[in-house]
Amino acid sequence: MAGTTTDADLYCEVVQYYARQMPLMEEGRIEEYAATFTEDGVFEHAMGWRLAGREQLVEGTRTGVARYAGKAMRHWYDRITVTAAEDGEVHCGYLAMVSLVDEEGRVSFEPSCTVRDVLVRRDGELLTRYRFIRHDTADPTRIWEGRLAERS
């Protein structure tokens, strides 16, 4: 990712963007979450699945979030890197964890993951054009095959 030096203002803008984006998903505001992606935005996972465009993002996110019904979900980011590319794209990388709190207050965590984003500016606002996620587990399929139900 060739780029230019990132200034503090851009770094803060990106961190604030993520601070606004992820609560939309956590609060079930799926259409608003999808609107933080470009119209043709892509969300891709290392396992091979891919959501392209806001309609698929809404559908896929709604299905994914439904698995956490009855649990408060929070996304935690660390080691955020921001690189402003010469073409105006903003390349970001970060480590992420998702915590879940059930109705009794028990806390659990999903496997950590590495995320790579390409952000672009539309009408002065940052939007995600591309997101790629890789979970830090040898078998991430367990995440989507009922592992959460096994914990209950």
Of all the residues that make up region 79-98, how many are among the acidic types (Asp, Glu) and either closer than 20 Å to Glu39 by Cβ or modelled with pLDDT of 95 or more (or both)? 2
Out of region 59-79, which residues are of a type outside the set (Gly, Ala, Ser), under 18 Å from Phe43 (Cβ atoms) and either touching a strand residue (DSSP E or B) at 6+ places or on another chain (Cβ under 7 Å) or open to solvent by less than 40 Å² (accessible area, probe 1.4 Å) (or both)? Thr61, Val65, Tyr68, Met73, His75, Tyr77
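Could you say whether any residue in region 5-12 is surrounded by 13 or more Cβ atoms within 10 Å (Cβ to Cβ), out of contact with any strand residue (DSSP E or B) (no Cβ under 9 Å at 6 or more places or on another chain) and touching a residue at least 40 places away in the same chain (Cβ under 8 Å)?
The answer is no; no qualifying residue exists.
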Total residues in region 99-125, condition under 15 Å from the mean Cα position of the chain (by Cα) and either charged (D, E, K, R) or within 26 Å of Glu39 (Cα to Cα) (or both): 8
It is to be established whether one or more residues within region 63-76 are at pLDDT 95 or above and in contact with a Cys (Cβ under 7 Å, 6 or more places away or on another chain). no
Every listed condition ((1) out of contact with any Gly (no Cβ under 8 Å at 6 or more places or on another chain); (2) free of Cβ contacts under 8 Å to residues at least 24 places away in the same chain) holds for Val58 save (2)
Restricting the search to region 97-114, which residues are in contact (Cβ under 8 Å) with a residue 24 or more places away in the chain and touching a strand residue (DSSP E or B) at 6+ places or on another chain (Cβ under 8 Å)? Val98, Ser99, Leu100, Val101, Asp102, Ser108, Glu110, Pro111, Ser112
Give all pairs with beta carbons closer than 6 Å in which a residue from region 13-35 that is over 17 Å from Arg129 (Cβ atoms) meets a residue that is among the charged types (D, E, K, R) and open to solvent by 50 Å² or more (accessible area, probe 1.4 Å); count only pairs at least 6 apart in sequence or on separate chains. Leu24/Glu32; Ile30/Arg62
Take Arg79 and decide whether it is in contact (Cβ under 8 Å) with a residue 12 or more places away in the chain, over 14 Å from the mean Cα position of the chain (by Cα) and closer than 23 Å to Arg121 by Cα. yes
What is the one condition in (1) open to solvent by less than 80 Å² (accessible area, probe 1.4 Å); (2) under 17 Å from Ile133 (Cβ atoms); (3) in contact with a strand residue (DSSP E or B) (Cβ under 8 Å, 6 or more places away or on another chain) that Arg50 does not satisfy? (1)
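The values are calculated or read from the model by the stated rules, or taken from the named source; none is laboratory data. Bear in mind the structure is a predicted one, so any value in this text is a computation, not a measurement. Reconstructed Cβ throughout: ideal geometry from the backbone, glycine too, with neighbour counts over all protein chains shown. Accessible surface is based on the protein model in full, side chains and every heavy atom, while ligands, DNA and RNA are left aside. Shrake-Rupley method; radii C 1.70, N 1.55, O 1.52, S 1.80 Å.
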